[in-house]
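Accompanying notes for the structure given below.
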Amino acid sequence: MTVLDTRTLGRATLARQLLLDRADLSTLGAVAHLGGLQAQEPQEPFVGLWSRIRAFAPGELSDLLVERRVVRTHLMRRTVHLVTADDALAWRSRHDAMLRQKVLGVYRAELNGVDLGELAAAGRETLADGEPRTMAELTRAVADRWPDTPPRALGEMLIAALVPMAQVPPRGLWRTKGGVRNLPLATWLGREIAPLSPAGSDPVGQTLVRRYLAAFGPAATADLRAWSGVAGLPAAVAAVRGELVAFRDERGRELLDLPDAPRPDPDTPAPVRFLPAFDNAILGYQDRGRIIDDAHRGLSVAGERVVLVDGRVAATWTVADDTVTVTPLRPFSRAERTAVTEEGSALSAFLSDQDSERVRIAPR
């Protein structure tokens with residue numbers, strides 16, 4: 001079986017994640033291809049898409065949210081993701097059990113004795129008037145039934161697990177501040193969520209496998225689980241295995257992939273790319289070594305924005321006063337410093353509506 005080294009896997013990830021060449025895709029097409037973008041920080045997806053789409057216009061993403069073709073919702077890993085409306089409706093039921101267990105993993109003691117079916121019914125009853133609510137407003141409406149349960153536990157279980165929710169605009173719009181207000185996903189989108197398939201069949205799971213590999217492959221089943229948070233996908237993997245090709249990484253793990261997906265030559269030049277906080281190009285794997293050194297792995301879960309140089313995390317970045325500041329994690333060559341400065345200037349212009357191209361490279 002062919003062994004793919006770390007550099008080869010890194011180039012494959014860049015190609016799948018639209019980071020090797022900016023794509024001539026629509027904003028909706030890019031969100032769909034990527035299987036969504038992690039989006040608990042509402043402005044971060046705009047940078048993620050700017051780094052991936054040629055001539056990306058942030059107003060396009062805002063329009064998609066307002067038009068209800070893209071939605072912010074709890075999905076993979078119980079984190080807020082920006083996904084297409086079609087994917088949210090098709091995938092949500094398959095994530096329900098995982099979402100419930102993730103919340104219980106934090107609030108099991110607090111929710112002891114709470115009938116979750118009754119809690120879900122109370123939440124739906126409160127939201128039946130079609131008015132978006134904050135978590136605090138929703139929990140106040142139901143808390144009298146569970147006076148001894150901490151409101152936060154009730155709210156997290158309702159909003160992240162029991163009642164599929166959309167975070168409605170202005171939350172997530174370009175350069176717009178707005179708190180989180182929730183409405184049932186089916187109400188917001190005007191369409192019902194697809195139910196779970198009968199026991200013994202898992203078409204949604206099979207779709208998740210194919211879509212994950214298209215955007216992240218080649219990858220191990222442990223990587224698939226790390227991205228989705230869903231544990232019960234072995235049967236789906238087995239069902240589609242005949243469609244796939246297999247490799248091994250340098251650790252000996254089996255990697256699966258779509259046969260015709262891009263696997264570029266490891267010496268393919270990789271341009272500098274600025275990634276937003278919590279980007280799935282890093283978080284979408286159990287083994288993140290293809291793109292980030294183990295010594296820097298903590299950056300990916302700490303919300304640090306990072307810079308890819310030659311396909312690997314080589315710096316962090318921040319922005320303040322219309323200036324992008326890059327802090328290297330290793331020494332840059334003269335050519336790397338020039339490339340980072342050029343891409344940082346372009347990012348500064350994007351974030352400032354062309355008012356600034358200032359970029360600063362700080363000392364290590």
Item to check | Residue list for segment 227-239, filter: of a type outside the set (Ser, Thr, Tyr), part of a helix (DSSP H, G or I) and either under 14 Å from the mean Cα position of the chain (by Cα) or surrounded by fewer than 20 Cβ atoms within 10 Å (Cβ to Cβ) (or both) | outcome: Trp227, Pro234, Ala235, Val237, Ala238, Ala239
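Conditions tested, residue by residue: (1) closer than 30 Å to Gly59 by Cα; (2) among the hydrophobic types (A, V, I, L, M, F, W, C).
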position	(1), (2)
Asp144	no, no
Leu154	no, yes
Met157	no, yes
Met165	yes, yes
Pro169	yes, no
Gly172	yes, no
Leu183	yes, yes
Pro198	no, no
Checklist entry - Out of segment 292-312, which residues are surrounded by 22 or more Cβ atoms within 10 Å (Cβ to Cβ), in contact (Cβ under 8 Å) with a residue 40 or more places away in the chain and out of contact with any strand residue (DSSP E or B) (no Cβ under 6 Å at 6 or more places or on another chain)? => result Gly311
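A quick yes/no check of all residues on (1) of a type in the set (D, E, K, R); (2) within 24 Å of Arg225 (Cα to Cα); (3) at pLDDT 95 or above:
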{"residue": "Ala270", "(1), (2), (3)": "no, no, yes"}
{"residue": "Leu275", "(1), (2), (3)": "no, yes, yes"}
{"residue": "Asn280", "(1), (2), (3)": "no, yes, yes"}
{"residue": "Arg297", "(1), (2), (3)": "yes, yes, no"}
{"residue": "Leu308", "(1), (2), (3)": "no, no, yes"}
{"residue": "Asp321", "(1), (2), (3)": "yes, no, no"}
{"residue": "Thr325", "(1), (2), (3)": "no, no, yes"}
{"residue": "Arg330", "(1), (2), (3)": "yes, no, yes"}
{"residue": "Arg337", "(1), (2), (3)": "yes, no, yes"}
Next on the checklist: If a residue must be more than 16 Å from the chain's Cα centre (by Cα) and among the charged types (D, E, K, R), how many such residues does segment 63-85 contain?
Outcome noted: 4
Checklist outcome for this item: Scanning segment 307-327 for residues that are among the hydroxyl-bearing types (Ser, Thr, Tyr), under 13 Å from Leu351 (Cα atoms) and within 24 Å of the chain's Cα centre (by Cα) gives Thr318
Checklist entry - Applying the selection to segment 185-231, what residues are hydroxyl-bearing (Ser, Thr, Tyr) and either more than 26 Å from Ile282 (Cβ to Cβ) or assigned by TED's automatic domain parsing to the domain that holds Val163 (or both)? => result Thr187, Ser197, Ser201
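This table checks each residue for (1) among the charged types (D, E, K, R); (2) within 23 Å of Val209 (Cβ to Cβ); (3) not assigned by TED's automatic domain parsing to the domain that holds Gln38.
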position: Asp260; (1), (2), (3): yes, yes, yes
position: Pro269; (1), (2), (3): no, no, yes
position: Ala277; (1), (2), (3): no, no, yes
position: Val301; (1), (2), (3): no, no, yes
position: Val306; (1), (2), (3): no, no, yes
position: Asp310; (1), (2), (3): yes, no, yes
position: Ala320; (1), (2), (3): no, no, yes
Checklist entry - Does any residue of segment 176-186 turn out to be aliphatic (A, V, I, L, M), crowded, with 20+ Cβ neighbours inside 10 Å and either modelled with pLDDT of 95 or more or within 20 Å of the chain's Cα centre (by Cα) (or both)? => result yes
Next on the checklist: in contact with a helix residue (DSSP H, G or I) (Cβ under 8 Å, 6 or more places away or on another chain) and of a type in the set (A, V, I, L, M): which single residue out of Val3, Val70, Val66, Val80 fits that description?
Outcome noted: Val70
Checklist entry - Within segment 73-91, is even one residue within 17 Å of Ala161 (Cα to Cα), in contact (Cβ under 8 Å) with a residue 24 or more places away in the chain and of a type in the set (Lys, Arg)? => result yes
Next on the checklist: Just to check your reading of the model, which residue among Leu224, Leu183, Leu208 is touching a residue at least 12 places away in the same chain (Cβ under 8 Å) and part of a strand (DSSP E or B)?
Outcome noted: Leu183
Next on the checklist: Residue under question is Arg330, and the condition is that it be over 22 Å from the mean Cα position of the chain (by Cα) and among the basic types (Lys, Arg); does it hold?
Outcome noted: yes
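The values are calculated or read from the model by the stated rules, or taken from the named source; none is laboratory data. Fair warning: this is a prediction, and the values are worked out from it, not measured in the lab. Virtual Cβ from ideal backbone geometry, glycine too; neighbours counted across all protein chains shown.
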